[in-house]
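Some notes on the structure that comes next.
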Amino acid sequence: MPSFDLRSAPLRELNRALHALRPDTNETHWAVTGPDGRHAIAAGLDAPISVEIEGNVGYYCAGMNKLATVLVNGNAGVGVAENMISGFVHVRGDASQSAGATAHGGLLVIDGNAGARCGISMKGVDIVVKGSIGHMSAFMAQAGTLTVLGDAGEALGDSLYEAKLYVRGSVKSLGADCIEKPMRDEHLRELAEKLAAAGLTGEVSPSEFRRYGSARTLYHFNVDNAGAY
Amino acid sequence: MCGIVGLFLKNPKLEPQLGAMLSKMLETMTDRGPDSAGFAVYGSDGASEAGSVKLTLRGPGPAALRSAVAGLEEALALSAQATERDTHTVLAVPAERETEIRDWLRANAPGIDVVSAGRRMEIYKEVGLPASVAERFALERMTGTHGIGHTRMATESAVTTNGAHPFSTGTDECLVHNGSLSNHNDLRRRLRHEGLTFATQNDTEVAAGYLSWRMREGASLEQALESSLTDLDGFFTFVVGTENGFAVVRDPIACKPAVMAETDDYVAFGSEYRALVGLPGIDTARVFEPEPAKVYAWERVPNQPVSGERQ
């Protein structure tokens with residue numbers, strides 16, 4: 001199992017080695033120590049490998065991830081798993097703002113809290129936050145699901161498109177065009193799937209959540225709203 | 001962009017290492033602000049005698065400062081204790097003569113600025129990479145109870161020493177800022193009506209002036225920061241120091257990054273977690289992001305435990 005101590009080897013060397021891996025590589029498990037908040041650790045991966053990072057990471061960890069599993073045994077800085085395409089990113093601690101921003105697919109699980117703008121402009125990723133999320137989360141979120149076991153901050157789902165938001169706790173306020181919607185069977189089923197993927201089966205029941213989505217009134221320009229611009 | 005660091009010690013045993021810890025933090029933030037750097041250090045109790053005040057003067061070089069100090073001593077029949085550090089000189093003078101000294105310097109020593117005044121605070125700032133600024137003033141060997149530093153990437157005013165942070169507009173009060181203010185011109189005009197003076201066109205100096213004004217009007221540091229949330233327009237993460245206090249506030253949008261760490265021994269602030277990595281016991285510290293529009297403040301009352309955040 002390849003291991004990397006970022007206190008003695010440069011980060012670029014690690015990322016270069018990870019980028020050079022072929023899809024059928026036998027080096028499928030990588031251990032990284034001493035991240036010390038460095039930025040862009042394990043960003044741009046494109047192979048079915050797993051990378052386990054021991055400690056706190058900086059900005060854009062596992063950004064643009066494809067196929068890989070990235071586990072952070074610590075906190076993550078701004079934009080963890082931003083623009084992820086597929087794969088699995090798991091943060092054992094807290095995540096800063098813009099976690100999972102613009103991500104197209106894959107699963108992002110955050111055991112702690114996520115800061116502001118979690119899932120901003122998400123395009124198909126599934127995000128599960130076991131703690132709470134900050135303000136302006138799921139802003140302009142287009143597709144995918146955002147599941148929050150704790151509370152949501154101000155202006156949740158502002159200018160939302162078709163992403164589905166499931167929140168168990170309180171929501172401080174909803175953003176423009178975001179409304180609460182009924183939990184139908186299909187939603188309970190979908191949520192149960194996401195909770196299972198995050199390893200939470202049996203720990204929380206889908207029935208404890210409320211669903212929020214787009215009222216779809218901002219999709220097209222309406223001349224009656226001209227005064228608001 | 002800009003980088004901010006701050007360190008407020010709860011355990012007096014760490015005081016001899018304050019400068020060493022702060023200089024490492026400052027250097028780590030070079031990527032966020034390579035234009036200029038500065039720092040304020042609050043010396044340990046008893047660093048200056050009762051009734052005296054430390055004035056930090058800044059000039060083109062040691063010779064110019066030496067001659068200004070000599071002229072000052074002769075003209076005002078004063079014997080000031082001077083500590084030279086490169087382009088800055090710290091003068092310990094009787095507090096009641098501060099205004100007279102400032103007036104004399106303004107009239108007779110062009111090119112010499114009074115950067116700060118305080119019973120315990122000294123401010124050093126220069127253009128250049130943070131590591132070289134820290135080295136020029138030997139930050140590593142400074143001791144004290146708390147300190148605040150800044151690495152600057154200029155957006156709102158020129159890259160000059162006067163545009164570098166921290167800014168001070170009151171005794172033992174200083175402020176560093178990451179962000180930019182949009183209503184600083186109007187606010188500066190209003191604060192001038194209240195009798196405040198400003199040395200630059202810089203937005204951050206206005207924020208420092210605003211806080212000094214609120215505190216002069218009787219507000220606590222916490223109250224002054226609370227009201228800044230409504231009166232200041234723009235992006236900001238502020239770290240503020242007073243003689244015995246240390247505070248942090250972020251604007252309600254909270255675009256500008258902030259990470260804090262608290263242990264039994266200290267409270268530390270960094271624009272990024274990287275800045276905190278070298279601190280003792282960081283692995284077991286409570287690491288958190290300060291919430292938007294929430295004032296975090298710590299205060300040291302002599303012979304009592306430090307008060308403030310801790311969960």
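What percent do you get for the relative contact order of chain A when only Cα pairs under 8 Å and 6+ apart count? Don't jump to the answer; show the numbers that get you there.
Values: 729 pairs, mean separation 22.2, N = 229.
Value for chain A: 10 percent.
So how tilted is helix B:203-216 from the main axis of chain B? Cα-based, degrees 0 to 90, rounded to 10. The answer is roughly 90 degrees.
Averaging Cα coordinates gives a centre for segment A:7-34 and one for segment B:229-291; these two points are 33 Å apart.
If both residues of a DSSP beta bridge must be in the protein assembly as shown, then about 65% of such bridges are antiparallel. Using the alpha-carbon atoms, what tilt in degrees (0 to 90, nearest 10) does helix A:185-197 show relative to the longest principal axis of chain A? Taking the Cα atoms of chain A, the angle to A:185-197 is about 20 degrees. Taking every DSSP bridge with both residues inside segment A:80-229, close to 25 percent are antiparallel.
When only the Cβ of Lys, Arg, Asp and Glu is charged (+1, +1, -1, -1), the dipole of segment A:3-228 relative to its Cα centre reaches about 180 debye. Once both labels are modelled 7 Å past Cα along the beta-carbon direction, what's the B:K294-B:E243 spacing in nm? With each label placed 7 Å out from Cα toward Cβ, I get 3.1 nm.
Is the shape of segment B:52-119 best called rounded, prolate or oblate, per the rule: a/c under 1.5 gives rounded, else a/b larger than b/c gives prolate, else oblate, with a ≥ b ≥ c the square roots of the Cα gyration tensor eigenvalues? It would help to have the intermediate numbers written out before the result.
Numbers: a/c = 1.44, a/b = 1.18, b/c = 1.22.
The shape class here is rounded.
Remark: spin-label model distance B:E73-A:R16 equals 5.8 nm, labels positioned 7 Å along the Cα→Cβ axis. Sequence-distant contacts, meaning Cα pairs under 8 Å at least 6 residues apart, place the relative contact order of chain B at 24 percent. Summarising the label geometry, the points placed 7 Å from Cα in the beta-carbon direction at A:D185 and A:E208 lie 2.5 nm from one another.
Rounded to the nearest 20, the Cβ-based charge dipole of the protein assembly as shown about its Cα centre (Lys and Arg +1, Asp and Glu -1) stands at 460 debye.
Among B:S307, A:S137, B:S36, which comes first, second and so on when ranked by fewest other beta-carbon atoms within 10 Å? Each step should come with its number before you reach the end.
Working: B:S307 12, A:S137 35, B:S36 24.
Fewest-to-most ranking of B:S307, A:S137, B:S36: B:S307, B:S36, A:S137.
Neighbouring Cβ atoms within 10 Å as the yardstick, rank B:K256, B:K54, B:K13 fewest first.
Numbers: B:K256 19, B:K54 24, B:K13 8.
Ascending Cβ contact count within 10 Å gives the list B:K13, B:K256, B:K54.
When each of A:I85, A:I41, B:I112 is scored by the number of other beta-carbon atoms lying within 10 Å, the sequence from fewest to most is A:I85, B:I112, A:I41. Taking a straight line from the alpha carbon of B:K125, these lysines sit under 17 Å away, with near neighbours fewer than eight places off in the same chain left out: B:K24, B:K54.
Excluding same-chain neighbours fewer than eight residues apart, the aspartates and glutamates reachable from A:K123 by a Cα-Cα span under 13 Å are A:E82, A:E162. Here's the list of lysines a cross-link from B:K294 could span, going by alpha-carbon distance under 27 Å and ignoring same-chain residues fewer than 8 apart: A:K130, A:K172, B:K10, B:K256.
Explain nothing, just the number: relative contact order of segment B:23-156, from Cα pairs under 8 Å at least 6 residues apart, as a whole percent. If you can, show how the numbers build up before the last one.
Values: 250 pairs, mean separation 64.8, N = 134.
Result for segment B:23-156 is 48 percent.
Might you report the magnitude of the Cβ-based charge dipole of segment B:181-259 about its Cα centre, with Lys and Arg at +1 and Asp and Glu at -1, to the nearest 20 debye?
Numbers: 8 positive and 11 negative charges, 32 e Å.
In debye, rounded to 20, segment B:181-259 gives about 160.
Every number in this text was worked out from the coordinates using simple rules, so none of it is lab data. All values derive from a computational prediction rather than experimental measurement. FYI the Cβ positions are ideal-geometry reconstructions off the backbone, even for glycines, and counts take in every protein chain you see.
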